[in-house]
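Would you mind keeping the following structure in view while I ask a few things?
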Amino acid sequence: MKIKIIPIFLVILAYIFAGIILILPIYTVFSEAFSEGYTKYIESITGEYALFAIGLTVKVSIVSVILNTIFGVTAAFTITRFNFPGKNILVTIIDSPFAVSPVVSGLIFLLLFGRQGYFGDFLNEHGIKIVFNTPGLILATVFITFPFVARELVPLMQSQGREEEEAGMLLGASFFQLLRRVILPNIKWGLLYGIILCNARAMGEFGAVSVLSGHIRGKTTTLPLHIEMLYNEFDSVGAFSCATLLVFLSLLTLIFKLILEKRTASKKNAD
């Protein structure tokens with residue numbers, strides 16, 4: 001009897017914990033967003049600065065995902081297919097964003113590319129502005145989302161081995177033919193999974209972007225920064241209304257994640 005009670009108790013405890021940590025905050029966000037009616041909600045998410053923040057967030061996320069996808073595929077292929085000096089160092093560099101606080105990384109980029117930074121004089125002489133501008137936001141987001149694609153592909157490609165690639169090379173296939181017909185088809189689900197996680201992290205990034213943005217409304221405010229500014233201005237309805245967009249993104253990411261996990265599991269069972 002005690003053996004049956006313990007699992008039931010643990011399951012109930014897990015649901016209570018999930019409800020407090022996940023369900024209750026989501027309910028609070030939506031209840032506050034619609035507290036003044038549907039019209040106010042629509043006005044909040046379609047205002048000039050809100051639309052700019054959404055557009056900038058999408059732009060930064062797209063560029064960051066593209067760059068990290070290219071790097072992730074290249075790094076994963078290099079790490080899993082070749083032995084070279086500094087291989088462990090490369091792996092450590094890839095994992096470094098997990099160990100460094102986003103705020104600290106933002107301060108590092110500020111010290112490097114700011115007006116008084118290490119490269120400040122060179123950038124000023126050539127009219128290049130990174131800090132308090134869109135390139136700075138992209139740079140910070142690329143660094144924060146650096147590991148997601150590569151870290152998803154490395155174990156996948158290690159488990160697959162290189163037999164198919166070697167067979168293709170023996171048959172005279174070029175590298176780009178191998179990439180198109182062998183490598184990418186074999187890693188497509190893992191790659192898509194990494195891209196989804198990378199995109200979700202990019203759209204929700206706050207710390208590093210906050211340091212490098214300068215909070216210039218209508219110029220460097222992404223959606224998380226716009227939400228913070230609205231909340232600091234005591235516009236809680238506007239802040240929570242915009243926050244629902246990030247909640248929708250999180251739920252959409254979770255749905256895609258579950259679909260990909262089922263797809264991957266069914267493929268493993270088929271193999």
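The values are calculated or read from the model by the stated rules, or taken from the named source; none is laboratory data. Not measured: the values here are computed from a predicted model. Every residue, glycine among them, receives a Cβ derived from its backbone with ideal geometry; neighbour counts consider all protein chains shown. Heavy atoms of the whole protein, side chains included, go into the accessibility calculation; ligands, DNA and RNA do not. Shrake-Rupley method; radii C 1.70, N 1.55, O 1.52, S 1.80 Å.
Tell me, rounded to the nearest percent, the portion of alpha carbon pairs in the stretch 1-49 spaced more than 13 Å apart.
Across the stretch 1-49, Cα pairs with separations above 13 Å total 69 percent.
How many percent of the alpha carbon pairs in the stretch 143-221 exceed a separation of 14 Å?
That tail contains 70 percent of the Cα-Cα pairs.
At 37 °C and 0.692 mPa s, what whole-number value in µm²/s does Stokes-Einstein give for the translational diffusion of the chain, with Rh from the Kirkwood sum over Cα pairs?
D, rounded to a whole number, is 153 µm²/s.
Once the stretch 200-268 is represented by equal point scatterers at the alpha-carbon sites, with solvent omitted, what log10 I(q)/I(0) does the Debye formula produce at q = 0.14, 0.17, 0.19, 0.25 Å⁻¹?
-0.53, -0.68, -0.77, -1.08
Cα-based count: Lys pairs in the chain below 27 Å, eight or more positions apart or different chains?
Within the chain, the lysine pair count is 14.
Given bins 5 angstrom wide, list per bin the percent of all Cα-Cα distances in the stretch 121-271, short to long.
With a bin width of 5 Å, the distribution comes to 2, 8, 12, 14, 14, 12, 10, 10, 8, 6, 3, 1, 0, 0.
Which value, in Å², gives the accessible area per residue of the chain when a 1.4 Å probe is used on the protein heavy atoms?
60 Å²
Hey, what number do you get for the chain at 222 nm if only DSSP H runs of n ≥ 4 count, each worth -39500 (n - 2.57), divided across all residues, to the nearest 500?
So the helix-based figure for the chain works out to -25000 deg cm²/dmol.
So what's the convex hull volume per residue for the Cα atoms of the stretch 91-150, in Å³?
88 Å³
Next question, about the same structure. How many nm separate the modelled label positions at HIS215 and PHE34, each set 7 Å beyond the Cα in the direction of the Cβ?
Spacing of the two 7 Å Cα→Cβ label points: 3.1 nm.
Would you kindly state how much longer the chain becomes between LEU112 and THR46 on full extension, computed as 0.36 nm times their sequence separation minus their alpha carbon distance, in nm to one decimal?
Extra length available between LEU112 and THR46 comes to 20.2 nm.
In addition: Return one quarter of the surface area of the convex hull spanned by the alpha-carbon atoms of the stretch 1-142, equal to its mean projected area, in nm².
16.4 nm²
Moving on. For a label point 7 angstrom out from the Cα of ILE62 toward its Cβ, which stretches of the stretch 164-202 have the backbone nitrogen within less than 15 Å?
The answer is 199, whose backbone nitrogens lie closer than 15 Å to the label point.
Suppose R0 equals 25 Å. What FRET efficiency, 1/(1 + (r/R0)^6) with r the Cβ-Cβ distance, do ILE12 and LYS262 give to the nearest 0.05?
The formula returns an efficiency of 0.40 here.
Taking the mean number of other Cβ atoms within 10 Å as a proxy for protection, how do you rank 235-246, 166-177, 74-85 from highest to lowest?
Sorting 235-246, 166-177, 74-85 by mean packing, highest first, produces 235-246, 74-85, 166-177.
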